[in-house]
1. Under 5 Å between amide H atoms, partner at least 5 residues away or on a different chain: which partners does A:Gln125 have, H built in plane at 1.01 Å?
2. Determine the shielding of peptide A:284-293 by partner chains: average, over its residues, the number of Cβ atoms on other chains within 10 angstrom of each Cβ.
3. Length gain on complete extension for the stretch A:Ala280 to A:Glu52, per 0.36 nm per residue less the alpha carbon to alpha carbon distance?
4. Against the longest alpha carbon principal axis of chain A, how many degrees, from 0 to 90 and to the nearest 10, is the axis of helix A:41-54 turned?
5. Would you grab the residues whose amide H sits under 5 Å from the one on B:Arg229? Only those 5+ places off in sequence or on another chain, please, with H modelled 1.01 Å from N.
6. Quick one: what are the phi-derived ³J(HN,Hα) couplings along the stretch A:277-294, Karplus 6.51/-1.76/1.60 with θ = phi - 60°, whole Hz, x for glycine and proline?
7. Say R0 is 35 Å: what FRET efficiency, to the nearest 0.05, do A:Asp248 and A:Arg189 get from their beta-carbon distance?
8. Under 5 Å between amide H atoms, partner at least 5 residues away or on a different chain: which partners does B:Val334 have, H built in plane at 1.01 Å?
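Each value in this text was obtained by applying a stated rule to the coordinates, not by laboratory testing. Worth saying up front: this structure is predicted, and the values here are computed from it rather than measured. We place every Cβ from the backbone using ideal geometry, glycine too, and count neighbours over all the protein chains shown.
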Protein chains: 2
Amino acid sequence: MSDTSAPARGAATLHDVAREAGVSLATASRVLNGSTRKVAESYRERVEAAAEKLGYTANLSAQATARGTAAIVALLVADIADPYFGQLAAGVARGADEAGLVVTIAITERDPQREVRLVRALRGQRPRGLILAASRTEGTDAVGLADELEAFAGMGGRVAVVGPGGGSVRTVALDNRGGAAALGAELARLGYREAIVVAASEGIRTSDDRVAGFTEGFGAGGGTVREVRRAGFTRDAGYETAQRLLADGLPEGTLIFGISDVVAIGIMSAIRDAGRQVGADVAVAGFDDIATGRDVRPGLTTVHVPLEELGYRALHAATDPEWDATEPPLPLEVIVRGSTPARA
Amino acid sequence: MSDTSAPARGAATLHDVAREAGVSLATASRVLNGSTRKVAESYRERVEAAAEKLGYTANLSAQATARGTAAIVALLVADIADPYFGQLAAGVARGADEAGLVVTIAITERDPQREVRLVRALRGQRPRGLILAASRTEGTDAVGLADELEAFAGMGGRVAVVGPGGGSVRTVALDNRGGAAALGAELARLGYREAIVVAASEGIRTSDDRVAGFTEGFGAGGGTVREVRRAGFTRDAGYETAQRLLADGLPEGTLIFGISDVVAIGIMSAIRDAGRQVGADVAVAGFDDIATGRDVRPGLTTVHVPLEELGYRALHAATDPEWDATEPPLPLEVIVRGSTPARA
DNA sequence: AGCAGGCGGGAAACCGCTTGCCAATCTACC
DNA sequence: GGTAGATTGGCAAGCGGTTTCCCGCCTGCT
């Protein structure tokens, strides 16, 4: 089908196109890749025809080498199978598509060491920007992420972190603390008085902020956080922690706040598997509002985070030269569903 | 922190490293990037020290330009927020990481036009391989995907498609038909006699195969597929279709087979929202065994597809020079959960 | 001691594309 | 009709690496 005058071997190069069109390399380049210089209509047509005929596609690597920067944005997530990151990635991908950028993705598996290695590797691509969406741990970061990021910034790349940022990097803020406080307040209003929080380990900002916010809001409403259990960000961590909690004996009417929806859903499953009832018996709340929260029964009470939009914004933070740092944080919204019925 | 003898501007280049180490460009290249040629230990050390000191990272674009091929594998999915693709992508990412490849991802949004455009764009990266995971539509493909893929293969790239493949491309097979048949048979055995299938539009191979297989297996067991409703592959499509189905009147004991878990979960939600019971009242089954299927109640009966492994295999199909096309397809397994209780 | 052969460093060509600069052609105005 | 100025091709020098040769030097064998 497409064997017209097949280039000897491999892809057609700009050279081939130029020759085919009978113009110089420079002219062909100017026609095919955005250049400010004008090219006469007749030439332009010839070049375009030749390119079409040869099925020419610019070699992005060569282009990047010549231009010194690649039309790439790198995305670092903890786990792409996690719906939280999936939705976020969708937003990033949409923005990238609009901006004509390619997105490369890397998985940290929540391992800080790995994260540093990956940033270093991605740096090699000379991407326009780098989006860090893996939950970052606080301060010290003994392993040198900061250095690596600095190096990246030093070569002209922009770094955007979603979630608790800080420092010089651009941050797409998420008011974890405020959202959790609102959730806590609402739950206190619904009549809950005792809560257990299933969080990630201390030092993970996202987790810490949510715990702090929740404690604050719930406390202000007259509730007490009886205990903070440390788990992880996964469904299974939630499941297992809840199992232990249940084994220890969980009075009716207790509320469990899972640090994220994924965790909360694991908790719900454990409760049901133990023969208890989610809702009136043991209430559960989460955070993020991932799609699944609508489909479990009872529905999961949570704080809505516009994940897709978050990713979209992160993309822009990581690529727009003039990014408005003052843009207001995305609004979070408490969503009450059946997993936390009002207490009598 | 890292200001030793900061390169004038931008990243350190191999040039910088060579100069710093007092060796030639060639030697530095040989030390830092896999070369078969040996370099004396003393030189090697000097170069490595220099690289370390300067925080050198090879410019992948330049490397790709010089080598003619990039250490990249491109992944095309319909929707990265969909857990099916998320898990698949996780497998791809794992394999890529092991192989030292970077993965770039693109979203087709299930639009064939877009898909062609994306393949063309990705081609520009000269990736080692391309993984097509977006459900492909049958035959004709008026828009020229085949040509585009051929062009890609022509320049030395490998194409792997997961799911119903065919033609010259490498295929990571999934026995949709057999799996669905097994599911149908099992459900018939459980006592179901009437089923409604909620599928995607005709022409989508994955959907067609599952419908055919299910009809076959269910029929062989004595059941009848009363109707095939056309929807899409999304949760909402399932939800809405089920709503209509319910409005039309759904006799107790009916079984609804959703073409994928995502669809089936939408169906379950619609049933419950309509005040009916999932299970004894209206039974539901899906296909894929996404993680969420465990957490809804009742649990979703489905066919287990090792998605992560599927992605992992796809990665290899798309990159290994000698890929064993005869490798047996991944085993599928029917998983019966509460959404399809045995009928009296 | 003499010579072949292997080892390994370095110069330079090249990968595909961009872009600064030069020069040729064209337009316009006096 | 001549000349200044504006257009717009094309040449060639990069961009940061890789890799082919070439060649000097060290071994080892006779």
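1. B:Leu60
2. Mean shielding by partner chains, rounded to a whole number: 2.
3. 75.5 nm
4. Here the helix axis deviates by roughly 70 degrees.
5. HN-HN under 5 Å from B:Arg229: B:Val197, B:Val198, B:Ala199.
6. Once θ is set to phi - 60°, the couplings for the stretch A:277-294 become 10, 7, x, 4, 6, 10, 8, 9, 9, x, 7, 2, 6, 6, 3, 4, x, 7 Hz.
7. Rounded to the nearest 0.05, the efficiency is 0.80.
8. Answer set, sorted by chain and number: B:His304.
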